[in-house]
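First up is the structure itself, then whatever we jot down about it.
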Amino acid sequence: LVETAVESMAAATTLAELDEVRVQYLGKKGKLRALQAELKSLSPEEKREFGKMLNSVKERIQSALNDRKEALEASEKSGPDLEMVDVTLPGVRTLPGHRHPLIATMEEVKSILLGLGFRYDDYPEVESEFFNFDALNTPDWHPARDMHDSFYTTKGNVLRTHTSAFQTRAMKQFGPPPLRAMTSGRCYRRDEIDASHFPIFHQLDVIAIDENISFADLKWVLYQVASSLFGDDVQLRFRPSYFPFTTPSAEVDVMFNGKWLEILGAGMIRPEVLEAGGVDPEKWQGFAFGLGLDRMAMIRHGITDIRYMYENEEAFLRQF
Ligand code: PHE
């Protein structure tokens, strides 16, 4: 009896089938009960012997049942049967992450300049008026210092209005020239919001200081950057301009789709600024330029409204 019971247990491949076997042998109408019923017709002595035997049969069946149950439970838990996987079902598509057009543009300009030997560092967004203005030869009567342009935070501090604030910080930090350095990041100005103005925008600023640096060096670097971004046949236009911290100064336009578009400000660093950075202007000269990354990203991707870049609208972001 034990043997046939164990055989049918082995044949059971699910817990439900195994339970049927249990009922067959140990259930109320099972085979063991039927044998127990026969006890009545035996002599007291035979009863004792037969009863003992029945008990041991019951125990052996019960323990075999437990073993088989454990084995089946383990295999049911071990996951789906591989043969059940439908390989014709389409996969679950995960959308890859990607760079924001602004960051992509920034990284591209940055990598061109890294290749030309400029070091990259980040500088504070909450900046002292000193580094943002005074050190850049921007006295306090200058329109750029007006409350209309700047966000003032604690006394003496502003949200930087341009990344040019890094210039004298870098000169002080890295000691005597030669120095080639850049930074980029968020800048803040109080502006009415429209398609081309937003109170947050991004710039990338560059300085190079050495002996015998001239405007020709500046032009060469700008052509390197511009041709990497817009192609070898890029056209640049230099217009005389004014910045408090450079002289001579220029605004630079790029020819794009038949139009001149202003992309950056540049010039030779004024002696006052070199002095504020602890650099001897009798010995060293330098150039500086700063470009607007929002503008650049918009030109490159045909983006018509600056606000798209700050709304995190998925439909917009997915296009890049
Ligand atoms: N900081 C200037 C601006 O925000 C750009 C500039 C940078 C001009 C460096 C000259 C040199 O417009």
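The values are calculated or read from the model by the stated rules, or taken from the named source; none is laboratory data. Everything quoted here is computed from the prediction, not taken from an experiment. Here Cβ is always computed from backbone atoms with ideal geometry, including for glycine, and neighbour counts include all displayed protein chains. Quick note on the areas: whole protein, heavy atoms, side chains included, nothing else; ligands and nucleic acids left out. Shrake-Rupley method; radii C 1.70, N 1.55, O 1.52, S 1.80 Å.
Quick notes on this one:
- Across the chain, C-alpha contacts under 8 Å between residues 6 or more apart give a mean separation that, scaled by the residue count, equals a relative contact order of 15 percent.
- Those trypsin sites (Lys or Arg not before Pro) in the range 231-320 that DSSP places in a loop and that have at most 16 other beta carbons within 10 Å: K283, R318
- Alpha carbon centroid spacing (whole Å) that separates the range 241-315 from the range 149-182: 15
- With all protein chains modelled, accessible area of F289 [1.4 Å, Å²]: 0
- Among the GluC sites (Glu not before Pro) in the range 214-311, those located in a DSSP loop and surrounded by at most 14 other Cβ atoms within 10 Å of their own Cβ are E282, E311.
- With the gyration tensor restricted to C-alpha atoms of the range 62-176, the semi-axes of the equivalent ellipsoid amount to 66, 20, 17 Å, longest first.
- Annotation: average projected area of the range 19-101 is 10.1 square nanometres, based on the convex hull of Cα atoms across all directions.
- For the range 106-173, the Cα-based Rg and Dmax, in that order, read 13.7, 40 Å.
- Three-way shape call for the range 12-66 based on the alpha-carbon gyration tensor, with the a/c threshold at 1.5: oblate
- Eligible aspartates and glutamates near K47 by straight Cα distance, threshold 19 Å, same-chain separation 8 or greater: E38, E59
- Global geometry of the range 156-308, whether rounded, prolate or oblate, following the gyration tensor of its Cα atoms and the 1.5 cut on a/c: oblate
- Normalising the average separation of contacting C-alpha pairs (under 8 angstrom, six or more residues apart) by the number of residues puts the relative contact order of the range 223-316 at 17 percent.
- Two-decimal Rg to Rh for the range 254-294 - Kirkwood Rh, Cα set: 1.21
- Compared with the dominant Cα axis of the chain, that is its longest principal axis, helix 101-115 is turned about 70°.
- Within the range 63-159, trypsin sites (Lys or Arg not before Pro) in DSSP loop having at most 14 other beta-carbon neighbours inside 10 Å: R93, R99, K155
- Translational diffusion of the chain, µm² s⁻¹ [Kirkwood Rh, Cα pairs; Stokes-Einstein; 37 °C; 0.692 mPa s]: 126
- Restraint check, K110/K219; K110/K259; K28/K58; K219/K283, Cα-Cα greater than 20 Å: K110/K259; K219/K283
- Cut-off 17 Å, label 7 Å out along Cα→Cβ of R239, residues of the range 282-311 by amide N: 290-292, 295-296
- Sequence of Y242, Y120, Y223 when ordered by accessible area, the most exposed leading, probe 1.4 angstrom: Y242, Y223, Y120
- The range 151-293: relative contact order in percent, alpha carbon pairs under 8 Å with at least 6 residues between: 26
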